[in-house]
């Protein structure tokens, strides 16, 4: 029985410099209880297609379709109020990808979860609260009863995302559209959420559209996959066919770009060097917070006696869930934060003895979000030269030469020298961040989730670049990430963090193929594997 | 929340103290008060007599401590001009100004917020353009001119309201409109941009996906967020109404604090001017404190750090 039928969908955005055709001639259909994956990179039109269905397109967009029917109901025939009353919420629910901003900051979780069901007269207030608590529990929120009275800013990103999911399920939608529902989540939580969606689909015959740039996740969880590229649906078929017999060139390129978690790691710990570039010994860091004016002080032990060393020329991956302390450790290794106990040494000198500018010449950071870590009012030439200016190094000409060299290294065309960050793509921006890090010719880079904000194809390029720099410049690299496949791709050695401690450390090969710690094994088991399909998973269960 | 209020209150006290010092210094150091009381043509002997009589020959610090000590007990000294305690003089006239300021604020709110909201919900439509036009012209028109025009239009040509005085509510309609109009542009523009920003927020999209549209969406999810910055500005505007009453009260012959300020300045009545500056400043500080508390009450991110 067909739940959703879209034929020849076209969406046009009218922009100041002319109309932009963002979705072209897309036809999709979905049966009850079926899961459809839509894959494509940012800007491919996959989110626009979903928004059109919910009538949530921006004002400047216009949309036409030969047919757009839900459960036998012709959607364009419904006028505004009729559509609002019937479709969004109880018929089609949608989960958005921005968990930090998708909940209203001034209302409690409880109010936001229950209001729609109560306003529609579906449930009484006590019933709605009961259902909300049960759903929060089901998505894995601890102490759901207490959470109901809390505000979004008191929850972590992952928790907010789970609240969003639970909130959408409050109205028991017949179709759930999940737009990158798990990008903000750790692999273990991601697996749990996707399992939950699978279960709901089976229990309630709910239709599911899973929108993602992650082909591995999509193939694993859906019956059929649609691949979108530049607004067009280039390929559609069973998950199996699309993964193993891709027909379109774009699908093939996308598949080739995905970091694999199978087979031996690309690096087998081939660096023979033993001198330690950066070393942390017994580093401990506590954070204290106070509840209320006279409340007791609460201590959080973010790092609990961590020892870690990065050897010359190697890429060490530091992996763990959010909250495990990996970013705190990265900040301390960069000298941006001081440990409460223990010591950090750079090339066998205590970091405390180094002047900030010397430290900056030695180790440089690359941050996660290329959209916010570059000053939007400065040109690339200024951004990249900034560390040199701060160090008061060289004159105008020599700085320009250094900038040009750094840009060449990261393969940014020289014509972008005077461009602003807003004129660049995400991948180009991350290259700028790397060029800025390289301009002081540092010995080491500390990269905090350098690719998690990027599309897979771009991610592959950035990972290749980091690898090339390591080879050519003998650069030492500490890579902080939660993505196992990325680790598999570039790491020589791996250190696994869990609750402020390093629970396992060893060569990439050993850790990935034969983890000795339970937590590492769980992390590996939860990571989506390329080539696994929904059927495989079911068999495994 | 209590901690927050206590902290803000303490800060407000500090500001009040600073303002009292500034007001005192401004009046006592910038010019010679004895000379000002005596008048430009007075002989040096007369000036010296006045200086001694009002205790202006004492050191500045002593005079300030003396004055501040009185202020703490509610005693602002005696008016040189009316020969009455300044505090009772101000208390007698406060009614009119408070009525005028709050009705002017009501006018601002009633015009600016609906207009701003309409403009925000229909950006770049004719309503938006019209609202912008109103804002620009209200900004450009001086208060006294608007006051005179209103008198000509609605008191002389079409005599709906009295020309001047402060005997009934009808007397306050025109002055409240004139005084309120001056704040409309700022509040309206802020409401508009605030609401446009909020309506584009991700959580509004979430609410729409739950099936809220139109008025329900506005009331349930947008208003509280959009109103937060407006509250702070309204507090400042209310403070300005008290200060701005000087001109409006003169035009409409309302016997309030604004007129008192004008008269005491012309009469070189330093204790009265000093108290009025202090009172206007305290109103400003108090309104800002109130706005901070209101914002904290409406926004959990401020309340629960």
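The values are calculated or read from the model by the stated rules, or taken from the named source; none is laboratory data. All values derive from a computational prediction rather than experimental measurement. No Cβ is skipped: glycine too gets one built from the backbone with ideal geometry, and neighbour counts run over all protein chains shown.
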request  = Can you run down the residue pairs with Cβ atoms below 9 Å, 6 or more apart or on separate chains, where the first is in the stretch A:351-373 and on the phi > 0 side of the Ramachandran plot and buried (at least 18 other Cβ atoms within 10 Å of the Cβ) and the partner is at pLDDT 85 or above and in a loop (DSSP other than H, G, I, E, B)?
outcome  = none
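Every residue, every condition in (1) away from every other protein chain (no Cβ under 14 Å); (2) out of contact with any strand residue (DSSP E or B) (no Cβ under 9 Å at 6 or more places or on another chain), yes or no:
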residue	(1), (2)
A:44	yes, no
A:48	no, no
A:52	no, no
A:78	no, yes
A:83	no, yes
request  = Within the stretch B:30-54, track down each residue that is closer than 19 Å to residue B:269 by Cβ and surrounded by fewer than 11 Cβ atoms within 10 Å (Cβ to Cβ).
outcome  = B:30, B:40, B:41
task = Collect the residues in the stretch A:487-500 that are surrounded by 17 or more Cβ atoms within 10 Å (Cβ to Cβ) and farther than 20 Å from residue A:451 by Cα, keeping them in residue-number order.
result = A:498, A:500
request  = Can you tell me which residue within the stretch B:169-210, out of those that are surrounded by fewer than 24 Cβ atoms within 10 Å (Cβ to Cβ), without any contact (Cβ under 8 Å) to a residue 60 or more places away in the chain and in a loop (DSSP other than H, G, I, E, B), is nearest to the other protein chains (Cβ to nearest Cβ)?
outcome  = B:201
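So that you can scan it fast, the table gives a plain yes or no per residue for (1) in contact (Cβ under 8 Å) with a residue 12 or more places away in the chain; (2) closer than 29 Å to residue A:278 by Cα:
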| position | (1), (2) |
| --- | --- |
| A:381 | yes, no |
| A:384 | yes, yes |
| A:394 | no, yes |
| A:426 | yes, no |
remark   = Only one of (1) farther than 18 Å from residue A:450 by Cβ; (2) outside the structural domain of residue A:287 (by TED's automatic domain parsing); (3) touching a residue at least 40 places away in the same chain (Cβ under 8 Å) does not apply to residue A:332, and that is (2)
query = Only one residue in B:216, B:240 is in a helix (DSSP H, G or I), at the interface with chain A (Cβ under 10 Å from one of its Cβ atoms) and either within 14 Å of the chain's Cα centre (by Cα) or at pLDDT below 90 (or both). Which one?
reply = B:216
ask   = Counting just the residues of the stretch A:172-209 that are touching a helix residue (DSSP H, G or I) at 6+ places or on another chain (Cβ under 6 Å) and within 14 Å of another protein chain (Cβ to nearest Cβ), which one comes out nearest to residue A:121 (Cα to Cα)?
value = A:177
request  = Kindly indicate whether any position in the stretch A:97-109 is surrounded by fewer than 17 Cβ atoms within 10 Å (Cβ to Cβ), more than 30 Å from the chain's Cα centre (by Cα) and at the interface with chain B (Cβ under 8 Å from one of its Cβ atoms).
outcome  = no
query = Taking the condition within 20 Å of residue A:310 (Cα to Cα) and modelled with pLDDT under 85, does residue A:361 pass?
reply = yes
ask   = Picking from A:119, A:134, A:128, which residue would you name as being crowded, with 19+ Cβ neighbours inside 10 Å and outside the structural domain of residue A:85 (by TED's automatic domain parsing)?
value = A:128
ask   = When you scan the stretch A:271-312, how many residues do you find that are outside any strand (DSSP E or B) and modelled with pLDDT of 85 or more?
value = 1
inquiry  = Let me confirm something: among B:63, B:8, B:58, which residue is under 19 Å from residue B:283 (Cβ atoms) and surrounded by 12 or more Cβ atoms within 10 Å (Cβ to Cβ)?
reply    = B:8
request  = Could you tell me whether the stretch A:160-172 includes any residue that is within 16 Å of the chain's Cα centre (by Cα), part of a helix (DSSP H, G or I) and surrounded by fewer than 20 Cβ atoms within 10 Å (Cβ to Cβ)?
outcome  = no
request  = Determine whether the stretch B:262-284 contains at least one residue that is within 14 Å of chain A (Cβ to nearest Cβ) and either within 29 Å of residue B:7 (Cβ to Cβ) or not in a helix (DSSP H, G or I) (or both).
outcome  = no
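Within the bounds of the stretch A:134-152, is there any residue that is in a helix (DSSP H, G or I), within 13 Å of chain B (Cβ to nearest Cβ) and under 22 Å from the mean Cα position of the chain (by Cα)? Give the derivation first.
First, the residues of the stretch A:134-152 that are in a helix (DSSP H, G or I): A:134-138, A:144-147, A:152.
Subsequent filtering for residues that are within 13 Å of chain B (Cβ to nearest Cβ) retains A:152.
When the remaining residues are screened for being under 22 Å from the mean Cα position of the chain (by Cα), the result is A:152.
Yes - at least one qualifying residue is present in the stretch A:134-152.
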